[in-house]
Structure formats: C-alpha cells, structure tokens
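Everything below concerns the one structure shown next.
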Amino acid sequence: MQPFFPSTTNLQLGWDGKGVQQVIGSPIPAGVSASDDQHAVVQLTAYLSPGGWTCMQVGVFSPNRGQTLAITSYTAYVACPAAAPVTVPNVTDEDGTLEAQLSPVLNSFFRAYGASSSDLPLTLSTGSTVTGLAGSVKLVSVDRVIVPTATKGADPNQRVATVNVSWQTPSGGVLAQSYQVTLIKVDRWGVLSLAGGAPSSDIAPQQGGVAPNPSGNQVPATGQSPSAGAHAGSPSNSPPAGGQPSAKPSGPAR
C-alpha cells in the first residue's frame, strides 16, 4: 500500500512491528461515506487469523473521481454492520437483438481490457478514459450480456449493459465477476465506461441478519462474507447463534 501514502516516511503506519496476522480470503468493501467530492471514509471487512471478522475505516482522497487515490489516515477498528435484506429484481424485458450485437464487441473489449493491449483504444468510444488491468488477469469468457429494452424517449445510441465475465488469475484460478458497461454508438458501438458492483440476485441476501461476532479460533468457508450466514437458501454456510462462522476453509489462504 506504500504508493498510496505519498507523504509518509513511517511505513509501519501505526504498527509496532510485533505479532503476525493473516488475512483469510479477500477484504470486502463495506461502505463509503463521502464528506465532499474529493474526501471520503472507506470501510473494509476482513477475516483475520487470529482476530476473526474485523471491520476498519480509513480516510481517502481522490481529486479526480477515482482516477488517482491517496490514503489520508490511520485505519481505525469499528463495529461490523449487520446484514441488510435486499431484493434485486431480474431483468425480464431484454433486448435480445442488441445483446447479440454487443456480445462480440464486449468480448473484444474485455480481452483488451484485461491485458491493457494496443487493441483497447479500438474498442472504446470517444471520450472514454478506460485504461485496463495491465495483464493482472486474462479473459476466459464473456458469460452473459444483459441489456434491458430501451425505455420510451431514451437515446437508442447509448445503452447500459450488465456483463458477466470469467477472469483467469495468475495462480490459475477462475473468478466470475459482473460489470455495468456504458456503450455509445456513433459509427460503431464502443465502451464509454464500466463499473463493478452490478447488482446480482445470486449474491444479495434476501434476509437480514446480525453482525458477525469476531472469533479468533474459527475461520470462514472460502468466499464467505460477514453476511453470508443471512443468505437465503444457504443453510450449510450459515453461522451458529451469535453469527460466528464455523466452517474451515476449503482452500489455502490468500
């Protein structure tokens, strides 16, 4: 994280250098509270061994809508939030013709996006600032393109698609991820922008739950988050009373 602390010479950043903790799985973004258009507090959730589920907040600064970033504070432990129930509606009225037209466009885009290749500009629309992932992952496949039918009066040459893709990681694993991609058509369709966080009914918990209690002696199942126990239809992954995960990880820690 050193590059995001441009002013500090204290690379311990508040740690006395004693003790060892391991992050099991990946940290999970758990909210952003913006004080203005450049400053915010970001909350992260991670499972630490020892330590259990741990939530932390840290101040960040971005003068240009996320194109550059600096961390401006020490991290601070905070209580983890409870899981919130949510219903993500499925798109029932899809533009199948446009989905078929955009699929090869998006396949070319994501292949170039993963590599940051010289082909990437050819897949972008005028004004796009997309730069790519510099080869950190490799496209396996574009699995699904979802384009809702345009509403009356909407610009037919600007559409937003939800795109499910599979990436291969450097370790050889495959990750399924979802994006919301904005495309513009002038003489051809090109990508203007993309963002993660596309809502998915496969992920969003349909029932609420309590906040997880930290436990230094138990670790979550691979991929389980603090709210996983509240996910409807997943009793085998549900934590026992008190919200503590009880399953051992099925793979090595990352």
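The values are calculated or read from the model by the stated rules, or taken from the named source; none is laboratory data. Predicted model, so just to flag it, every value in this text is computed and none were measured. Positions of Cβ are backbone-derived with ideal geometry, glycine not excepted, and every protein chain shown enters the neighbour counts. Note: accessible area is taken over every heavy atom of the protein model, side chains too, but ligands, DNA and RNA are not part of it. Shrake-Rupley method; radii C 1.70, N 1.55, O 1.52, S 1.80 Å.
Considering each of Lys138, Lys185 in turn, give the residue that is over 24 Å from Glu94 (Cα atoms) and not hydrophobic (A, V, I, L, M, F, W, C).
Matching residue, one of Lys138, Lys185: Lys138.
For segment 161-185, give me each residue that is among the hydrophobic types (A, V, I, L, M, F, W, C) and at pLDDT below 95. So that I can check it myself, show each step before the final result.
So in segment 161-185, the residues among the hydrophobic types (A, V, I, L, M, F, W, C) come out as 161, 163, 165, 167, 174-176, 181, 183-184.
Answer for segment 161-185, where residues must be among the hydrophobic types (A, V, I, L, M, F, W, C) and at pLDDT below 95: Leu175, Ala176.
Search segment 93-112 for residues being in contact with a helix residue (DSSP H, G or I) (Cβ under 6 Å, 6 or more places away or on another chain) and free of Cβ contacts under 8 Å to residues at least 40 places away in the same chain, and hand back the single one that is nearest to Val142 (Cα to Cα).
Ser108
Listed here are the residues, each with its yes/no results for (1) surrounded by 15 or more Cβ atoms within 10 Å (Cβ to Cβ); (2) in contact with a strand residue (DSSP E or B) (Cβ under 9 Å, 6 or more places away or on another chain); (3) within 29 Å of Ser200 (Cα to Cα).
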residue	(1), (2), (3)
Lys18	no, no, no
Gly25	yes, yes, yes
Gln38	no, yes, yes
Cys55	yes, yes, yes
Cys80	yes, yes, yes
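Which residues, counting only those in segment 126-146, are among the hydrophobic types (A, V, I, L, M, F, W, C) and either open to solvent by less than 30 Å² (accessible area, probe 1.4 Å) or within 22 Å of Lys185 (Cβ to Cβ) (or both)?
Correct list: Val130, Leu139, Val142, Val145, Ile146.
Of the conditions (1) more than 24 Å from Ala198 (Cα to Cα); (2) open to solvent by 80 Å² or more (accessible area, probe 1.4 Å), Gln101 fails just one. Which one is it?
Failed condition: (1).
Test each condition in (1) part of a loop (DSSP other than H, G, I, E, B); (2) touching a residue at least 40 places away in the same chain (Cβ under 8 Å) for Ser117 and report the one that comes out false.
The one condition Ser117 does not meet is (2).
Pull up segment 57-67, narrow it to residues that are modelled with pLDDT under 85 and open to solvent by 60 Å² or more (accessible area, probe 1.4 Å), then point me to the one that is farthest from Ala30 (Cα to Cα).
Gln67
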